[in-house]
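First comes the structure, then the notes that go with it.
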Amino acid sequence: MKIAEIFSSLQGEGRNQGKPCHFIRFAGCNLRCRWCDTPVSQSGGREMSLESVLEQIPSTPPYVCITGGEPLLQAGDLEELLIALRSRGIMVDIETNGTRNFTRFQPYASICMDVKCPSSGEESDLSLLESIRPEDSVKFVVSDEADCRYVQCVLQRHAIAGEVFISPVSGVDFRPITDFVRSCDQPVRFQVQLHKIIGVQ
């Protein structure tokens with residue numbers, strides 16, 4: 001499997017924000033979001049065996065986040081990794097850009113579907129929202145009021161079983177986004193990226 005990096009830190013976003021976590025960042029992505037904060041993971045990476053990846057994952061804390069790039073592009077390797085992590089009793093989250101069907105991986109992990117808003121210049125497959133379970137989540141990274149209107153439209157058209165997070169693009173004005181969250185008639189939660197605030201990877 002092609003891996004961009006493996007590191008330990010605090011989970012910066014999502015349902016498990018603030019928890020100590022081991023991150024496995026897959027290399028390669030099928031999108032080119034304008035505001036991507038990890039462009040180094042869009043290509044390249046180094047080839048690693050399942051065993052070599054597992055050797056770098058300590059047993060504590062028993063929590064791993066698999067991110068990218070887009071990890072679902074390496075579906076076979078990803079499933080093998082998920083089975084191995086589960087056999088060790090490790091809880092796993094997968095962050096995906098919502099362009100690939102993730103149902104194959106739901107028996108092993110919680111899914112966080114990052115729905116692409118207009119400012120990203122990309123699109124997610126919104127039909128996948130129907131497969132989100134209560135233990136999964138959906139994230140919208142928003143830049144402006146146009147993105148907020150898009151979020152409102154998506155939420156009105158799709159019943160989402162999991163928790164919904166609204167996260168601002170780094171460096172934008174939070175005010176119109178927080179105003180939107182306060183006035184939104186859907187159950188959403190505003191969330192900033194904790195790791196960027198406290199200065200950890």
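No lab work stands behind these numbers, since they all come straight from the coordinates. Keep in mind that this is a model prediction, so the values were computed, not measured. A quick note on method: Cβ atoms are made from the backbone with ideal geometry, for glycine too, and the neighbour counts reach across all protein chains shown.
Restricting things to alpha carbons, find the Rg to Rh ratio for region 69-115 using the Kirkwood radius for Rh. Expressed as Rg/Rh, it is 0.94.
In whole Å, what is the distance between the alpha-carbon centres of region 11-83 and region 84-99? If you average the Cα positions of each part, the centres end up 9 Å apart. Highest mean packing first, where packing is the average number of other Cβ atoms within 10 Å per residue, the peptides 140-150, 52-62 line up as 140-150, 52-62. The string of couplings for region 43-57 from the Karplus curve (6.51, -1.76, 1.60, θ = phi - 60°) is 8, x, x, 10, 6, 9, 7, 4, 4, 5, 5, 4, 4, 8, 10 Hz, one whole number per residue in order, with x for Gly and Pro. Cysteines of the chain lacking any other cysteine Cβ under 4.7 Å from their own Cβ: 21, 29, 65, 112, 117, 148, 153, 184.
For the chain, the relative contact order works out to 18 percent when only alpha carbon pairs closer than 8 Å and six or more residues apart are counted. Treating each Cα of region 18-113 as an identical point scatterer and summing with the Debye formula, the log10 of I(q)/I(0) at q = 0.12, 0.14, 0.22 Å⁻¹ comes to -0.35, -0.49, -1.22. Quick note on region 136-201: its Rg to Rh ratio, both from C-alpha atoms and Rh being the Kirkwood radius, is 0.97.
When you work out D = kT/(6 pi eta Rh) for region 1-64 at 37 °C and 0.692 mPa s, using the Kirkwood radius from C-alpha pairs as Rh and the Stokes-Einstein form, the result is 254 µm²/s.
Here the Debye sum runs over all C-alpha atoms of region 77-184 as equal scatterers in vacuum, and log10 of I(q)/I(0) at q = 0.19, 0.20, 0.22 Å⁻¹ comes out as -0.94, -1.01, -1.15. Across q = 0.08, 0.12, 0.13 Å⁻¹, the chain modelled as identical point scatterers on its alpha-carbon atoms has Debye log10 I(q)/I(0) values of -0.25, -0.58, -0.68, in the order of the q list.
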